[in-house]
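Structure record follows, encoded as structure tokens.
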Amino acid sequence: MNYYKIYSFTLLLGVFLFISCGPEKHDNKTTKDTITESLYYPFSDSENKGGWVLNEEISDEFEGASIDTTKWFVEGLNGDYYIWKGRAPSQFVSHNVRVEDGKLKLRTNWEPDYDFFEESYTDGNMGTSKYGEYKGEPMPITTAAVVSKKRFLNGYMEVKSKVGNAAITGAFWAIGYEQELDVYELMGNPKNKKGNIREDSYLATAHDWSPPAERPTNVFQHTEDLPFRTADEFHVYGAEWGEDFLKLFIDGKLVHHFTQDDVGLDWVLNNPMEIWLDSEIFFWLGLPHKEELPVDFEIEYMRVWQKPSDNLLAKDRAFYGFEGPILFEENPRPLTMVPEDSKPNDYQKFWLIDDVSKKYFSIVEGQYASGVESLQFAGYGKNENFEVEKAAVLTPEGAINIPAGEYTFSMKVWLDQGRIADKIYVSFENPKLEIEFKDLSKLERRQWITLESTISKTEASAKNDQLKIEIRKEDLPKDKAPKLFIDDIAIKKTIK
């Protein structure tokens, strides 16, 4: 196996990990319990100069006798399908998922006796096809897919893999709220040799699934010519996903680098994502022939690394940066929940703004310290005034789980010119602890400024603790209050 085993058990890293990651919601389990010291490092960073730590909840060496269903959702297992059943005319089936010889093998097979679903799948402008049938003729092809049960925000994801030698894809991709990243889509032997994927090429794409989620959804894309056929041997494919950049690697070599500056508000990779490994028919590249099958998309390992953070809200940083929902991963994802779904459920919840406060508070795109969104207090104009005693936004219950101790609470604010709100109140709701940021009118305008406050929590958060942001009428001018924006809320343990 072409990877580097590094064993390093330094006290310094142990201490750093202890303080680095915030508690998960609803229990006492912290991220430090699941992100452990790496035995393996990215192929492009064998000396771990990036300070990577393996996320074992998502990573898998595929060394058992069967797929680990505590880590992976298997499409079709027990009749359950998540989001879709595959790209017709092929259909995902669970018996095509195998773990053997230290590899995950996702088989594509010709199965004329399989009982395909009596339904069709429409793929935007790519057309519509029935499962098991193509243009009225039998096409009894079954494929396979697995999906990680956990999501992660930013890191380095990598597989060592080989695709099947047929007109069938092998794909390593990820989805999250309103976003998709195809680290690669490969095809071992496409029939259309002039299509967007060849037997010796690599395609990476990011998709924007924010409503209206209509094709074309791709916001940036890269095609790489390869000096090898992707079905001939194993190669290492990786992606480093940062807050505002994406780097693509093949066999440890950087092949492309996207940044948020390249695409502006089309930078969609702002929320936690889950990993998908699957095979599909791309009928515009030709259909696999019966004689080519069965073939396997083989994955020797799938690994995700992340960097420790001293922000206790790091796991939910996207939510506290107003980019998307907060995840309650102790609850299962609804099987019908697609990336563009903005409905709250037991798995994903959003900031709460009551009808009265919605006149003043909203989450907006285009004004941000990071990501693409922030919380806006809209203010009011000439001959208007603040019509309520207070306006507030709250996290869902249970979003905050902070132990007793000394902390630094911070957030970034942007203040427009004018007679601004002089105070912003932030409070933990159970037990109650209020933070008052005052004298805002004395701060610099039209730039992001970090507000900080040292707090002492004498009690740990209750199970239903919430964070509230509030602006009160008593702290506002009588008329023409300008806008202000809030972004990037963080809580760090105070080191004495």
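Assorted remarks:
Okay, residues lined up against (1) on the phi > 0 side of the Ramachandran plot; (2) free of Cβ contacts under 8 Å to residues at least 60 places away in the same chain; (3) out of contact with any Lys or Arg (no Cβ under 9 Å at 6 or more places or on another chain):
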| position | (1), (2), (3) |
| --- | --- |
| ASP101 | yes, yes, yes |
| ARG107 | no, no, no |
| TYR134 | no, no, yes |
| THR142 | no, yes, no |
| GLY176 | no, no, no |
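- Residue under evaluation GLU436, criteria (1) among the charged types (D, E, K, R); (2) assigned to a strand (DSSP E or B); (3) touching a residue at least 24 places away in the same chain (Cβ under 8 Å), criterion not met: (3)
- THR259 being polar (S, T, N, Q), free of Cβ contacts under 8 Å to residues at least 24 places away in the same chain and open to solvent by 10 Å² or more (accessible area, probe 1.4 Å): yes
- Selection from the range 341-362 of residues that are surrounded by fewer than 16 Cβ atoms within 10 Å (Cβ to Cβ) and either aliphatic (A, V, I, L, M) or in contact (Cβ under 8 Å) with a residue 40 or more places away in the chain (or both): SER342, PRO344, VAL356
- Among the residues of the range 306-333, those identified as part of a strand (DSSP E or B) and either closer than 22 Å to GLU180 by Cβ or aliphatic (A, V, I, L, M) (or both) are GLN306, ILE326, LEU327.
- Hey, GLU298 open to solvent by less than 20 Å² (accessible area, probe 1.4 Å) and of a type in the set (Asp, Glu) or not: no
- Taking the range 53-66 as the range and being of a type in the set (A, V, I, L, M) and either crowded, with 21+ Cβ neighbours inside 10 Å or within 19 Å of the chain's Cα centre (by Cα) (or both) as the test, the residues that pass are VAL53, LEU54, ILE58.
- Condition broken by VAL219, with the remaining ones in (1) surrounded by fewer than 15 Cβ atoms within 10 Å (Cβ to Cβ); (2) over 24 Å from PRO89 (Cα atoms) satisfied: (1)
Yes/no per residue for (1) modelled with pLDDT of 95 or more; (2) outside any strand (DSSP E or B); (3) buried (at least 18 other Cβ atoms within 10 Å of the Cβ); (4) out of contact with any Phe, Trp or Tyr (no Cβ under 7 Å at 6 or more places or on another chain):
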residue: PHE73; (1), (2), (3), (4): yes, no, yes, no
residue: TYR82; (1), (2), (3), (4): yes, yes, yes, no
residue: THR108; (1), (2), (3), (4): yes, no, yes, yes
residue: PRO112; (1), (2), (3), (4): yes, yes, no, yes
residue: PHE116; (1), (2), (3), (4): yes, yes, yes, no
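- Some residue of the range 200-209 being touching a helix residue (DSSP H, G or I) at 6+ places or on another chain (Cβ under 8 Å), touching a residue at least 40 places away in the same chain (Cβ under 8 Å) and closer than 24 Å to ILE141 by Cβ: no
- The set of residues in the range 84-106 that are assigned to a loop (DSSP other than H, G, I, E, B) and buried (at least 18 other Cβ atoms within 10 Å of the Cβ) comprises LYS85, GLY86, ARG87, ALA88, PRO89, SER90, VAL93.
- Segments classed as strands (runs of 3 or more DSSP E), wholly inside the range 142-201, with at least 3 members that are open to solvent by 30 Å² or more (accessible area, probe 1.4 Å): none
- In the set (1) at pLDDT below 95; (2) buried (at least 18 other Cβ atoms within 10 Å of the Cβ); (3) not aromatic (Phe, Trp, Tyr), the condition left unmet by GLN417 is number (2).
The values are calculated or read from the model by the stated rules, or taken from the named source; none is laboratory data. Note that this is a predicted model, so its numbers are computed, not measured. Cβ sites come from the backbone with ideal geometry, for glycine too, and all protein chains shown count toward neighbours. We work out accessible area using only protein heavy atoms, side chains counted, and drop any ligands, DNA or RNA first. Shrake-Rupley method; radii C 1.70, N 1.55, O 1.52, S 1.80 Å.
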